[in-house]
1. Taking residue 109 as meeting all but one of (1) modelled with pLDDT under 95; (2) crowded, with 19+ Cβ neighbours inside 10 Å; (3) part of a loop (DSSP other than H, G, I, E, B), write down the number of the exception.
2. State which residue is modelled with the lowest pLDDT when the search covers only the range 299-316 and only residues that are out of contact with any helix residue (DSSP H, G or I) (no Cβ under 6 Å at 6 or more places or on another chain) and assigned to a helix (DSSP H, G or I).
3. Name every residue in the range 340-355 that is closer than 29 Å to residue 61 by Cβ, in contact with a strand residue (DSSP E or B) (Cβ under 7 Å, 6 or more places away or on another chain) and surrounded by fewer than 18 Cβ atoms within 10 Å (Cβ to Cβ), in order of residue number.
4. For the range 154-169, indicate whether the set of residues that are within 22 Å of residue 212 (Cβ to Cβ), surrounded by 19 or more Cβ atoms within 10 Å (Cβ to Cβ) and in contact with a strand residue (DSSP E or B) (Cβ under 8 Å, 6 or more places away or on another chain) is non-empty.
5. Could you check how many residues of the range 64-86 are surrounded by fewer than 16 Cβ atoms within 10 Å (Cβ to Cβ) and touching a residue at least 12 places away in the same chain (Cβ under 8 Å)?
6. When the range 32-56 is examined, which residues are found to be part of a loop (DSSP other than H, G, I, E, B) and either surrounded by fewer than 23 Cβ atoms within 10 Å (Cβ to Cβ) or in contact with a strand residue (DSSP E or B) (Cβ under 8 Å, 6 or more places away or on another chain) (or both)?
7. Say we look at the range 279-298 and pick out the residues that are free of Cβ contacts under 8 Å to residues at least 40 places away in the same chain and part of a loop (DSSP other than H, G, I, E, B); which of these is farthest from residue 37 (Cα to Cα)?
């Protein structure tokens, strides 16, 4: 990558061919592992000096290679990902780490394993609650993953190495939070589209490069403060699952709006919670990955209590959104999901209840995972934004 490319120009360069960097590392002899989900414990791979690369879909690529394997009623995002796998786009990988964050992902991982002969596969099971037994189950799952990765690489990870990897990933998360905090002002000095581009670029390069890239982006964006010509645009929060659809963010921002905050798997959900620095680093990893703000884990107000307080449980599950709305001065919320996304789809009625209790204007939009499905959303987005006071 040319030295002249800095900040957001470097982000755009990464996205022009997001496979180039990891293929170059592979050519140099570095082991490479793909993953789908924010629940993949990347710190363990980093401690083993394994390059990790996030699998994404492709809105522009017609799904043709998995029609006889994954039905049309299946998650369209996962269909797009596995379609790309079957077309050979990820043949450079040495391994794959899958997580049971949803049934569609679990099935896709096993379909992938049945068709691609990689050196290494690991499937990480996940509890659906934060009960004590769930935490114990997650710790065992993380221990098994660590042991399997160590066996594959032929060496053990010391606590010192794992703690160092955790601290580096926490540094990256802190820089991401600093970047988002620059959008607290009005007008924000960079767009939601630029934010998502940066997050996708981070998922496409190794940790050390990510730290350098974020430092460059921060310098560039800070230099813009007070010069960004977007005064008066509506401040929007976008909520979703695996949201890597840049055209959707651009669609919102083409109207009188700015995406100043998000809660989805490519953005804040991945970076806003650190790993606690515990004496046993595996305890810290367990605590962090058990409490990501994902719909696949049910977070209760009182863990294990049978008599439920509905509003208290809503607060336990969605209070972070209330904090985002207040802190980033959000004027409207766009809930965006792909069809057949069951974990997040089941959350929508109660999410709307919670946002309604905050009097936050909300629109729910569902799409197929292709560029053609965006067109019908334009009028709905425009109407929603025009109706914001």
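1. (3)
2. The extreme case among them is 310.
3. Those that are closer than 29 Å to residue 61 by Cβ, in contact with a strand residue (DSSP E or B) (Cβ under 7 Å, 6 or more places away or on another chain) and surrounded by fewer than 18 Cβ atoms within 10 Å (Cβ to Cβ): 345, 348.
4. Looking for residues that are within 22 Å of residue 212 (Cβ to Cβ), surrounded by 19 or more Cβ atoms within 10 Å (Cβ to Cβ) and in contact with a strand residue (DSSP E or B) (Cβ under 8 Å, 6 or more places away or on another chain), one finds none in the range 154-169, hence no.
5. 2
6. 36, 37, 39, 40, 41, 48, 49, 50, 55, 56
7. The qualifying residue farthest from residue 37 (Cα to Cα) is 279.
So that you can scan it fast, the table gives a plain yes or no per residue for (1) out of contact with any strand residue (DSSP E or B) (no Cβ under 6 Å at 6 or more places or on another chain); (2) more than 22 Å from residue 21 (Cβ to Cβ); (3) without any contact (Cβ under 8 Å) to a residue 24 or more places away in the chain:
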| site | (1), (2), (3) |
| --- | --- |
| 190 | yes, yes, no |
| 206 | no, no, no |
| 233 | no, yes, no |
| 246 | yes, no, no |
| 259 | no, yes, no |
| 266 | yes, no, no |
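The values are calculated or read from the model by the stated rules, or taken from the named source; none is laboratory data. Owing to the predicted nature of the structure, the values given are computational and were not obtained by experimental measurement. Because the Cβ atoms are built from the backbone with ideal geometry, glycine has one as well, and the counts that use them run over all protein chains shown.
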